[in-house]
Amino acid sequence: MAPIELRQGIYWVGVVDWDIRDFHGLSTNAGSSYNSYLIVSDKIALVDAADPGGGASVLLRHIAEIVDPARIDYVISNHSEPDHSGALSEVMKVATGATLLASKDGVKRLGQMYHHDWNFREVGDGDELSLGKYSLTFFNAPLLHWPETMFTYCPEAKTLFSCDAFGSHIASTELFVDEVGTDRVLPHLRKYYAFLIASFRKAALAAMDKIKDLEIEMIGPSHGPVWRRDIDLLFDHYRSWANLEVKDKATIVYGTMWGATQTMVGAVADGLKAGGLESRAWNVKKTDASDIISDLLDSRLILMASPTFVSGIYPPVEAFIPYLRIPRDKTKKLAVFGSFGWSGGATRKLTEILRAEGYEVMDDALQQRFFPGEDEIRECYEFGRGAAEWAKGKESGSA
Ligand SMILES: Cc1cc2nc3c(=O)[nH]c(=O)nc-3n(C[C@H](O)[C@H](O)[C@H](O)COP(=O)(O)O)c2cc1C
Ligand SMILES: [Fe+2]
Ligand SMILES: [Fe+2]
C-alpha cells in the first residue's frame, strides 16, 4: 500500500505484511501491518519505525515519496518492541539530525536493544512537542503492550497514535476500518485484544481513563486499519472486555483421541443450551489456542474436556491451561468432563490443577467409560444443563 494522507500533512507510511501467519504465538491468518506515521509540519516527525523483517527499505521508500528522510527532525518511539523499532537503525542512519523521543523506560529499552548512541530525548506524561502547525503530546500507557509504551496525540489533528492498543492483525489494501469493513475488523480486534491486551486489562482501563477528555476523531494504531469512525464503538468493546463483561455463553475446550470425549461434547452442548447458555466447542488439536482464547473473553462458563491419557490429562488439553491464564480472569466459572478407559484420572487432575490456579470449578466432574451410550448421552445433557444453571447462578444439583 502506497502512502496515504490521513489529515493534511499527516501520512501513513507503514509496511503491509501479507505473509505473516505467526506473530509471537498469535496466529495471524489475515496477515498484519506495521504502521508508521509521518507528520509534515514546520518540523517533520516520524511516529514509530516499523518492521523487524526487512521493512526498513519499504518504510524509507514510503517516506521518500513525501519528503527526503534526511529531513526528519524527530523520531517518536511509542514502543520498543522490534515490530515498531526494527527499522530504527536504518532510519537514524539516514535522518542524521533527528532526535529520538521515547518514554524514560523506552530510552532505556532502546539502548538495551540496539546499543546505539542516538540523540535521545525522554518524554513524560503530558509533555508537548511543537512541530509548527501541529504539535504532539505524549501519554505514558504502561503495559500496552510493554512497560515503556506510550501514546502520541496530535491535538490539532484530533488524532491518537496508540501503538499496540486498538490494533488488529489485518493486511489490507485499504487503510481505514470503515473501508475494510467494521464487521470484518471486529473479530480481529477481539482476537488481538485477547492475546495481547487482556493480560493488562487494568492498564487498558487506566489508559482509556487518561485519554477520556481528549478530542479524538481518529485513532492510528500500529497494526491494522485506522479508526476514523465508530471510535465510541471501539472504546465500548475495549471497556466491555476489560471490565470482564460476559454473555450467556459457554466455551468448551476439548481434546479427543478416538472421538469419545468429542461425542460427549455434542450432548453437553445441547444441555448447555437447554440451561440457557449458547456454546462453541474447540478441539485443541484442530484450532490454534490464540483463536480459542478470544472466545473465552465473554464466556460465563468454560468447560475443559479431556480423555484420560496415561492416568492423566491428554497433553494437548493440558497444554491449553497456560492460555487460560492470559485473560487473567478468575471470575470465570469452569466445569470439567471427559472419557476414560479403566482407572481414569484426567477429570480429577484437571479439577485439581484448575482449582490450584484459583478458578471456581464445578463439583462432580463428569467422567464416562469409553464411548457414551444412550444413558451416558442423557447424562451428558443433564451435566451440560446443570453446568449452565450453576454458571448462571441458579440452583443446581452439583455445586
Ligand atoms: C494412549 C492412550 C493412553 C490411555 N491411557 C489411559 C489411562 O491411563 N487410564 C485410563 O483410564 N484410560 C486410558 N486410555 C483410554 C482412554 O481414556 C479411553 O479410550 C477414552 O475413551 C478415550 O477418549 P477419546 O476418544 O475422547 O480420546 C488411554 C487411551 C490411549 C489411546
Ligand atoms: Fe507490542
Ligand atoms: Fe506491535
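Would you mind ranking Asp105, Asp232 by Cβ crowding within 10 Å, fewest neighbours first? Walk me through the numbers before you get to the answer.
Working: Asp105 17, Asp232 9.
Ranking Asp105, Asp232 by Cβ neighbours within 10 Å, fewest first, gives Asp232, Asp105.
Along the Cα-to-Cβ line of Ile66, 7 Å from the Cα, sits a label point; which residues in the range 106-139 have backbone N less than 15 Å from it?
Label zone hits: 131-136.
Using Cα atoms only, what is the angle between the long axis of helix 182-192 and the major principal axis of the chain, expressed in degrees (0 to 90) to the nearest 10?
80 degrees
May I ask you to evaluate 6.51 cos²θ - 1.76 cosθ + 1.60, the Karplus curve with θ = phi - 60°, for each residue of the range 123-135 and list the ³J(HN,Hα) values in order in whole Hz, giving x for glycine and proline?
Each residue of the range 123-135 in turn: 10, x, 3, x, 5, 10, 10, 8, 10, x, 4, 9, 9 Hz.
Along the range 365-375, what does the Karplus equation 6.51 cos²θ - 1.76 cosθ + 1.60 (θ = phi - 60°) give for ³J(HN,Hα), rounded to whole Hz, x for Gly and Pro?
4, 9, 10, 10, 7, 6, 6, x, x, 4, 5
Taking amide H positions as placed in the peptide plane 1.01 Å from N, state which residues far from Ser33 in sequence (5 or more) or on other chains have amide H under 5 Å from it.
Asp17, Ile170, Gly224
Assigning unit charges at the beta carbon (Lys, Arg +1; Asp, Glu -1) and nothing else, what dipole magnitude in debye, to the nearest 20, does the range 297-399 show about its Cα centre? Can you show the working numbers first?
On the way: 14 positive and 15 negative charges, 80 e Å.
Around 380 debye, computed over the range 297-399.
Say each of Ser240 and Trp258 gets a label point 7 Å from the Cα, pointing the same way as Cα to Cβ; how far apart are those two points in nm?
4.3 nm
Using 0.36 nm per residue of separation minus the Cα-Cα distance, give me the extension gain between Arg229 and Ser57 in nm, one decimal.
On the way: separation 172, 0.36 × 172 = 61.92 nm, distance 3.13 nm.
Roughly 58.8 nm would be gained on extension.
Working from the pairwise distances between different alpha carbons, so that the mean of 1/r is found and then inverted, what is the range 247-390's Kirkwood radius in Å? Could you put the intermediate results ahead of the total?
Numbers: mean 1/r = 0.0687 Å⁻¹.
Its Kirkwood hydrodynamic radius stands at 14.6 Å.
Search the structure for amide H atoms under 5 Å from the amide H of Thr99, placed 1.01 Å from N in the peptide plane, and list their residues when 5 or more places away or on another chain.
Placed amide hydrogens put Tyr74, Val75 under 5 Å from Thr99.
Apply the Karplus parameterisation 6.51 cos²θ - 1.76 cosθ + 1.60, with θ equal to phi minus 60°, to every residue of the range 54-59 and state each ³J(HN,Hα) to the nearest whole Hz, in sequence, with x for glycine and proline.
x, x, 4, 5, 5, 4
How large is log10 I(q)/I(0) at q = 0.06, 0.09 Å⁻¹ when the Debye formula is applied to the Cα atoms of the chain, each weighted equally and without solvent?
-0.29, -0.60
Can you spot the lysines whose alpha carbon is less than 18 Å from Lys330's alpha carbon? Ignore those fewer than 8 places along the same chain.
Within the straight-line cut-off, Lys330 pairs with Lys202, Lys247, Lys249, Lys392.
Suppose the chain between Asp364 and Ala206 were pulled fully straight at 0.36 nm per residue; how much longer would it get relative to their current alpha carbon spacing? Each step should come with its number before you reach the end.
Numbers: separation 158, 0.36 × 158 = 56.88 nm, distance 3.96 nm.
So the extension gain works out to 52.9 nm.
By the gyration tensor of its Cα atoms, with a ≥ b ≥ c the square roots of the eigenvalues, what is the shape of the range 146-204: rounded for a/c under 1.5, prolate for a/b over b/c, or oblate? Working shown, then result.
On the way: a/c = 2.34, a/b = 1.12, b/c = 2.10.
Verdict is oblate for the range 146-204.
Cut-off 10 angstrom, C-alpha nodes, Gaussian network model of the chain. Which of Asn119, Asn283, Asn140 fluctuates the most?
Top of the fluctuation ranking is Asn119.
Using R₀ = 22 Å, calculate the FRET efficiency as 1/(1 + (r/R₀)^6) where r is the Cβ-Cβ separation of Asp19 and Thr173; round to 0.05.
0.90
Charges on Cβ only, +1 for Lys and Arg, -1 for Asp and Glu, centred on the Cα centroid of the chain; of Ala56, Met208, Gly275, which one is farthest towards the dipole's positive end?
Most positive-ward Cα: Gly275.
Starting with the highest mean, order 151-161, 3-13, 351-361 by the number of other Cβ atoms within 10 Å, averaged over the residues of each peptide.
On the way: 151-161: 21.7, 3-13: 18.9, 351-361: 14.9.
Ranked from most to least packed, the peptides come out as 151-161, 3-13, 351-361.
Suppose the chain between Arg325 and Met1 were pulled fully straight at 0.36 nm per residue; how much longer would it get relative to their current alpha carbon spacing? Working shown, then result.
Working: separation 324, 0.36 × 324 = 116.64 nm, distance 3.69 nm.
Gain on extension, Arg325 to Met1, equals 112.9 nm.
To the nearest 0.05, what FRET efficiency results for Glu215 and Ser311 with a Förster distance of 45 Å applied to their C-beta separation? It would help to have the intermediate numbers written out before the result.
Working: r = 61 Å, r/R0 = 1.36.
With a Förster radius of 45 Å, E is 0.15.
Given H placed 1.01 Å from N in the peptide plane, which residues other than close sequence neighbours of Ala365 have an amide H under 5 Å from its amide H?
Counting only residues 5 or more places away or on other chains, the set is empty.
Based solely on its DSSP helices, what 222 nm [θ] is calculated for the chain when runs of n ≥ 4 H residues each add -39,500 (n - 2.57) and the sum is averaged over all residues, nearest 500 deg cm²/dmol?
Details: 14 runs with 129 residues, N = 399.
Roughly -9000 deg cm²/dmol at 222 nm, from the helical runs in the chain.
Values in this text are rule-based calculations from the coordinates and carry no lab data. Model, not experiment: these values are computed from the prediction. Virtual Cβ from ideal backbone geometry, glycine too; neighbours counted across all protein chains shown.
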